[in-house]
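Chemist: The following block contains the structure, expressed as structure tokens.
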Amino acid sequence: MTDLQDKASTWLSKFAHAAFRVDIDAVVDCFIPGGWLRDALVFTWNTRSLEGREKIAAYLANTLPAPHLGTGLATGFTFETLDRRGHGYAYLRPDGDEWRANGHTLSWEEVFGARREAIEKDPCVAVGAGQTGLHIAARFKQMNIASLVVERHAVVGDQWRQRYPTLSLHTTKNHHTLLYQPYPKNWPTYTPRDKVADWLKQYVESQDLVVWTRSYVLPGASYDSEAERWNVVVRKGDEDRELHPVHIVLATGVLGAPRIPEVPGAETFKGTVFHASKYMGGQSFAGKDCIVVGAGNTSADLCQDLSFRGAKSVTMVQRSSTCVVHIDTVAGAMAQGYPDGVPYEICDIKFSAMPIDLQRAMAREREAEMWEREKPLHDQLRKGGLKLNMGTDGSGQHFLIFERSGGYWVDVGCAPLIESGKVKIKQGVEIKRLTENGVIFDDDSELPADLVIWATGYLDSRLRHRETYGADVVDKTSPIWGLDDEGEIRGTYRPTGHPALWYAGGDFASSRFMSKQLALQIKARELGMCPL
């Protein structure tokens, strides 16, 4: 055993024995004074992050006596409690000197047909067949939770096909691979839009998932608290189907309806105005004056495409400041956290074991280093007049994903266009009104415009659910996304405040890993292990 293995094994043995004896003081002594404990469904049916010995002790005082943790190996370990099994991962820092068979005569068509029929009679309903809804359905299938996915589009993947043509994922393939079904070894490092869409379509077939396309839940869904079931009607093509699921999972993402500012003069503007979500490529805008309002990922990608397609002028309107990092920076982080050749299961648990606020504190210590690394990129951007930040508190771009799912861009070629003036920056202003042939800003400056694109983000995603599930229900649920006071992501894959309405969203890695926590909570309710 190596010296590092020995240190890890010694710590784990000490921790396991203290936990088994329900010795709170001894458990807490396993943590440095400012150490962290992140609990995902082990001591409670929620996910919590506790910082410091006092908070850890107070938390364990009411939760530790029931489980009795068992033994494990090294810093990556497995354990058993009275009612559950789990995996853990410990990050140690020095503190002084311590350191089943398949036999049948039926065709597969008959087997799957019977399974589909049973599921459609009494399913857990997941709304949305993007990567999140499909990850949930695949995970639920493996845990014997009957699940039906309801998808508004005609073909699975169409929600990706309807995004702008040049879109590619900005994380590497091992980070955004799908649950149980990693991409082929020769898959491109950054997956383009249409390959994502096509992979989701075949994933439904290869994972034997039950999906209704051209389907949606009609307004008026209600929850019967005595029967503990929903009453919903699903419009499936031209047919209405009544369902009574115990649980509904809204897997339609963390972004709501497009946020479109109301600007005077829109009725007189002779050009084209739309939200970035409607952008289908810049070919038709060659030779036009184009303005993109917003300075995040989408804006940068659209400005780059418009310039490449021959727009007469392209102007990005940046109202405040933006965190911008080079694609190579993200690739470097991905190579460390999700390297090729390492199973995603290992990468997921290592990443998810560390509390977000602890990651953030460690990142703040490297703020100067982050600024220095991005200096060549930032020099290009500043020449064009872009205002920059390094996250809300100096911790960088990564944590803006959890805070607001925006406010940053990963540069894949827009910066040189800004430096050269092919993409111009209008900084620190808002559009005050539109004229027949242009826009006037709140500093009274004016620009000609044939096209205005609002790359201004999205509204609270709960708002679009109020008519369907009732404002009285939705308004009492937790916000979706953003961080709570423990640095945990709000609302998604956790109790929402309603016993049978759940939210799910985030990127591929989030839904791949967190779908298990959601499945465990629902399974525990099915088995009577967890109160509603």
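The values are calculated or read from the model by the stated rules, or taken from the named source; none is laboratory data. Computed from a predicted model, the values in this text were never measured in an experiment. Using ideal geometry, Cβ is built from the backbone for each residue, glycine included, and neighbour counts are taken over all protein chains shown.
Chemist: Can you tell me which of 388, 377 is assigned by TED's automatic domain parsing to the domain that holds residue 421, crowded, with 17+ Cβ neighbours inside 10 Å and either touching a strand residue (DSSP E or B) at 6+ places or on another chain (Cβ under 7 Å) or over 30 Å from residue 270 (Cβ atoms) (or both)?
Modeler: 377
Chemist: Considering each of 429, 473 in turn, give the residue that is out of contact with any helix residue (DSSP H, G or I) (no Cβ under 7 Å at 6 or more places or on another chain), outside any loop (DSSP other than H, G, I, E, B) and more than 30 Å from residue 191 (Cβ to Cβ).
Modeler: Criteria check complete, one pass: 473.
Chemist: Consider the stretch 246-260. How many of its residues are touching a helix residue (DSSP H, G or I) at 6+ places or on another chain (Cβ under 7 Å) and not in a loop (DSSP other than H, G, I, E, B)?
Modeler: 6
Chemist: So the check is Cβ under 6 Å with 6+ separation or different chains; which pairs have a first residue in the stretch 368-393 that's of a type in the set (S, T, N, Q) and a second one that's modelled with pLDDT of 95 or more?
Modeler: Pairs found: 380/415; 380/419; 389/321; 389/323.
Chemist: If I go through the stretch 294-341 residue by residue, how many of them are within 25 Å of the chain's Cα centre (by Cα), over 16 Å from residue 283 (Cβ atoms) and among the aliphatic types (A, V, I, L, M)?
Modeler: Summing the residues that are within 25 Å of the chain's Cα centre (by Cα), over 16 Å from residue 283 (Cβ atoms) and among the aliphatic types (A, V, I, L, M) in the stretch 294-341 gives 10.
Chemist: Does residue 481 meet the test of being assigned to a loop (DSSP other than H, G, I, E, B), hydrophobic (A, V, I, L, M, F, W, C) and either closer than 28 Å to residue 299 by Cα or modelled with pLDDT of 95 or more (or both)?
Modeler: yes
Chemist: What is the residue count in the stretch 405-423 for residues that are more than 26 Å from the chain's Cα centre (by Cα) and either more than 21 Å from residue 304 (Cβ to Cβ) or surrounded by fewer than 18 Cβ atoms within 10 Å (Cβ to Cβ) (or both)?
Modeler: Of the residues in that region, 4 qualify.
Chemist: Right, another one. Mind counting the residues in the stretch 228-245 that are among the hydrophobic types (A, V, I, L, M, F, W, C) and either assigned to a loop (DSSP other than H, G, I, E, B) or farther than 15 Å from residue 147 by Cβ (or both)?
Modeler: The qualifying residues number 1.
Chemist: Quick check on the stretch 114-125. Is at least one of its residues at pLDDT 75 or above, in a loop (DSSP other than H, G, I, E, B), closer than 25 Å to residue 179 by Cα and not hydrophobic (A, V, I, L, M, F, W, C)?
Modeler: yes
Chemist: For residues that are within 25 Å of residue 272 (Cβ to Cβ) and charged (D, E, K, R), scanning just the stretch 290-349, find the one that is surrounded by the most Cβ atoms within 10 Å (Cβ to Cβ).
Modeler: 301
Chemist: For the stretch 79-98, state whether one or more residues are more than 23 Å from residue 347 (Cα to Cα), outside the structural domain of residue 359 (by TED's automatic domain parsing) and modelled with pLDDT of 75 or more.
Modeler: No, that holds for no residue.
Chemist: Would you pick out the residues in the stretch 391-404 that are among the polar types (S, T, N, Q), surrounded by 20 or more Cβ atoms within 10 Å (Cβ to Cβ) and in contact with an Asp or Glu (Cβ under 9 Å, 6 or more places away or on another chain)?
Modeler: 395
Chemist: While we're looking at this one, here's another question. Do you know which residues across the stretch 163-204 are closer than 26 Å to residue 258 by Cβ, over 19 Å from the mean Cα position of the chain (by Cα) and assigned to a loop (DSSP other than H, G, I, E, B)?
Modeler: Selection gives 164, 165, 166.
Chemist: So which residues in the stretch 350-372 are farther than 20 Å from residue 88 by Cα and buried (at least 17 other Cβ atoms within 10 Å of the Cβ), if there are any at all?
Modeler: Hits for the stretch 350-372 are 360, 363, 370.
Chemist: Working only within the stretch 337-359, note down all residues that are out of contact with any strand residue (DSSP E or B) (no Cβ under 8 Å at 6 or more places or on another chain) and either within 15 Å of residue 37 (Cα to Cα) or assigned to a loop (DSSP other than H, G, I, E, B) (or both).
Modeler: Result: 338, 339, 340, 341, 342, 343, 351, 359.
Chemist: Among the residues of the stretch 456-480, write down those that are in contact with a Ser or Thr (Cβ under 6 Å, 6 or more places away or on another chain) and surrounded by 19 or more Cβ atoms within 10 Å (Cβ to Cβ).
Modeler: 477, 480
Chemist: Go through 35, 76, 70 for me and flag whichever is closer than 25 Å to residue 359 by Cβ, outside the structural domain of residue 514 (by TED's automatic domain parsing) and modelled with pLDDT under 85.
Modeler: The match here is 76.
Chemist: What's the number of the condition residue 510 fails, among (1) part of a loop (DSSP other than H, G, I, E, B); (2) surrounded by 22 or more Cβ atoms within 10 Å (Cβ to Cβ)?
Modeler: (1)
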